[in-house]
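**Student:** For reference, the structure I am asking about is given below.
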Amino acid sequence: MVNMEKSKHFKIQSFVMNTSYSMFMWILVLGVLMTPALCQDDESIMTVCQEEDNDLRVDCPLEPKHSFHTDFEFSMSKGQKEIIINTNISGIMPEPRFRHNTFVTELEPYGFRLTIMSFTIAENTTFICKVTKVQRTLFVELGSIEPCSAISVFLLGYPWLSLLLPVCIIQLWEAF
């Protein structure tokens, strides 16, 4: 009787462990699949996503040049016109509609995050980020902006986790 109870306990514990592991893998896979719009190159990943409170967030993790003062400028282009959203460059003013509803915070270990409060894009838009004479752009199609999710932000902070994706898919495939 005791062996049967231990065996039953072991099966339940094994089921819980396997279920927890499988759920973690599904969350990881879904997090990778639901990451915000990305533009990846050799230096950085620029992202644009919509927060739950309808704020638009643009992350620009560009590493500044060490021999220069760290300047930043965020802008967007719709067609041929470039509109300055926020900057710390002396003598350059943002578009009047963005002067009081945007803010920029520093990212760790480097880069900047632009937040535009209560803003959604109404047409295809190219976002431009300049940090100390280095520029990145990201084209975003109308309707393609993903919500900012905690898991995608976590994964963007630890890009090596995305290397585990093939392993997770293989293990999930074998589980079924």
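**Student:** Work out the charge dipole of region 39-148 with +1 on the Cβ of Lys and Arg and -1 on the Cβ of Asp and Glu about the Cα centre, then indicate which of Pro94, Gln50, Thr126 is farthest towards its positive end.
**Tutor:** Of the options given, the answer is Pro94.
**Student:** Okay, next question. Considering lysine pairs in region 39-148 that are 8 or more places apart or on different chains, how many have Cα atoms under 18 Å apart?
**Tutor:** On the way: Lys65/Lys130; Lys65/Lys133; Lys78/Lys130; Lys81/Lys130.
Close lysine pairs under the 18 Å cut-off: 4.
**Student:** Inverting the mean 1/r over all pairs of different Cα atoms, compute the Kirkwood radius of region 39-148 and quote it in Å. Don't skip to the answer; put the middle values down first.
**Tutor:** On the way: mean 1/r = 0.0707 Å⁻¹.
Here the Kirkwood hydrodynamic radius works out to 14.1 Å.
**Student:** Pull up all non-local amide H partners of Tyr110: gap of 5 or more, or a different chain, and H-to-H distance under 5 Å with H placed in the peptide plane.
**Tutor:** Long-range HN contacts for Tyr110: none found.
**Student:** Return the long-range amide H neighbours of Asn124 (sequence gap of 5 or more, or a different chain), with a cut-off of under 5 Å between placed amide H atoms.
**Tutor:** Here Leu142 satisfy the definition.
Only the coordinates and a few stated rules stand behind these numbers; no lab work does. Quick caveat, the model's predicted, so the values are computed rather than measured. Positions of Cβ are generated from backbone atoms using ideal geometry, with glycine treated the same way; all protein chains shown enter the neighbour counts.
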